[in-house]
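Right, one structure below, let's go through it.
Bear in mind that the values in this text are calculations on the coordinates, not laboratory data. Every value quoted in this text rests on a predicted model; they were computed, and no experiment measured them. We place every Cβ from the backbone using ideal geometry, glycine too, and count neighbours over all the protein chains shown.
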Amino acid sequence: MINAWAATAAKQKLEPFSYDPGPLGAKEVEVAVEHCGLCHSDLSVINNEWGFGNYPVVPGHEVIGRVVALGDNAKGLKIGERVGIGWSAQSCLHCHECLGGDQNLCAEVVPTIVGHYGGFADRVRAQWPWAIRIPEALPPADAGPLLCGGITVFAPFKVFGIKPTARVGVVGIGGLGHLGLKFANAWGCEVTAFTSTDSKADEARSFGAHNVVNSRNSADIAKMAGTLDMLLVTVNVPLDWRAMLATLRPKGRLHVVGAVLKPIPVLAFDLIAQQKSVSGSPTGSPVSIAEMLEFAARHNVLPQTEHFPIAKVNDAIQHLVDGKARYRIVLDM
Ligand SMILES: [Zn+2]
Ligand SMILES: [Zn+2]
């Protein structure tokens, strides 16, 4: 039996929940969980904000742990190795996207916490390509949030070939945004933080921002006009989108990684005139995750974390709901 914590219906507190995972699949690995980050997406799934509605939900998709069992066809891993499991636990491995190295875009991708039991548990399973080896240099207690939050903000730099000479803006200094600042700075970019909270300005600088702009101050945003190559939007609230687009240079990209549920209105001419783009992306492929982890280890990019024991998981969730997380919560098993 696997001992986990689950929400049995939408918006419920998590309760202890044991389940029999059945025989290990041939391509699966089983991981003994040591630490697991608490991500805003866990909350969205617990609360059924995205309409997945598949209870019980065992949240947890920023897993750090050790391989304890390998299926007969699980490749490339050894018993005892430390691995991480992020948003995706499985993909089909044979479609165009999977064969092309974009496994995170597979139509049959199985999220770790949707129709699959996640990492708020003593053990969790994943298909072998999605259990990614953790570099020795990364402290395991704090590496978890890199598996979802980290790859989400790192992938756009790789996917869109952002150069170290680029100027990058990061909107929102939270769980995703503070990692975005750190990665952008380590990548070599000139980094501007956009935050609605003036009190976060010094912290934003400590995370790697060279400039800080109040995202509710139209005059300050207007001063940024035509300067940014990429604006990474990590918040899930509507912004003055037209003003944000105007901060971009010609060929600039406004890239959304925060799940804003309201539509983003865009005027065609705001894109056409200077060949600007609006785009979004979900986490990253196993290879991108592995590269992100190596980069994070090399440049000492780690989330700022707060730790809770798993028995206090509901307190941890409340801390996140209250907007008090600074900046990423990790549950210790
Ligand atoms: Zn996540
Ligand atoms: Zn596929």
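Net charge near PRO23, counting Lys/Arg +1 and Asp/Glu -1 over other residues with Cβ under 12 Å of its Cβ?
So the environment of PRO23 carries a net charge of -3.
Could you run the Debye sum over the Cα atoms of region 209-283, one equal point scatterer each and no solvent, and tell me log10 of I(q)/I(0) at q = 0.17 Å⁻¹, two decimals?
For the requested q values the scattering log ratios are -0.63.
What list of whole percents do you get for P(r) of the chain, with Cα-Cα distances grouped in 20 Å bins up to the one holding the largest distance?
33, 57, 10, 0
By the scheme Lys and Arg +1, Asp and Glu -1, what is the net charge of all other residues having a beta-carbon under 14 Å from that of ASN104?
Neighbour charge sum, excluding ASN104 itself: -3.
Take the Cα pairs of region 93-217, get the Kirkwood Rh, then feed it into Stokes-Einstein at 4 °C and 1.567 mPa s and tell me D in µm²/s.
Working: Rh = 16.6 Å.
Translational diffusion coefficient: 78 µm²/s.
Take each of the peptides 244-251, 125-132, 74-81, average the number of other beta-carbon atoms within 10 Å over its residues, and list them starting from the highest.
125-132, 244-251, 74-81
Hey, can you rank 205-213, 189-197, 116-124, 1-9 by average C-beta count inside 10 Å, highest first?
116-124, 189-197, 205-213, 1-9
What is the sum of charges, Lys and Arg at +1 and Asp and Glu at -1, for the other residues whose Cβ falls under 14 Å from the Cβ of PRO286?
Taking every other residue near PRO286 into account, the sum is 0.
Between the DSSP loop rule and a limit of at most 16 other Cβ atoms within 10 Å, which GluC sites (Glu not before Pro) in region 97-159 are left?
For GluC sites (Glu not before Pro) across region 97-159 that sit outside H, G, I, E and B with at most 16 neighbouring Cβ atoms in 10 Å, the list reads GLU108, GLU136.
Identify all lysines with a Cα-Cα distance to LYS276 below 26 Å; exclude those on the same chain that are fewer than 8 residues away in sequence.
LYS158, LYS163, LYS182, LYS223, LYS251, LYS262
Measuring from the lowest to the highest alpha carbon on each principal axis, how far does region 151-280 reach, largest first, in angstroms?
Projected onto the principal axes, the Cα atoms of region 151-280 cover 37, 30, 28 Å.
In whole angstrom, note down how far apart the Cα centers of region 315-333 and region 1-17 are.
Region 315-333 and region 1-17 have Cα centres separated by 17 Å.
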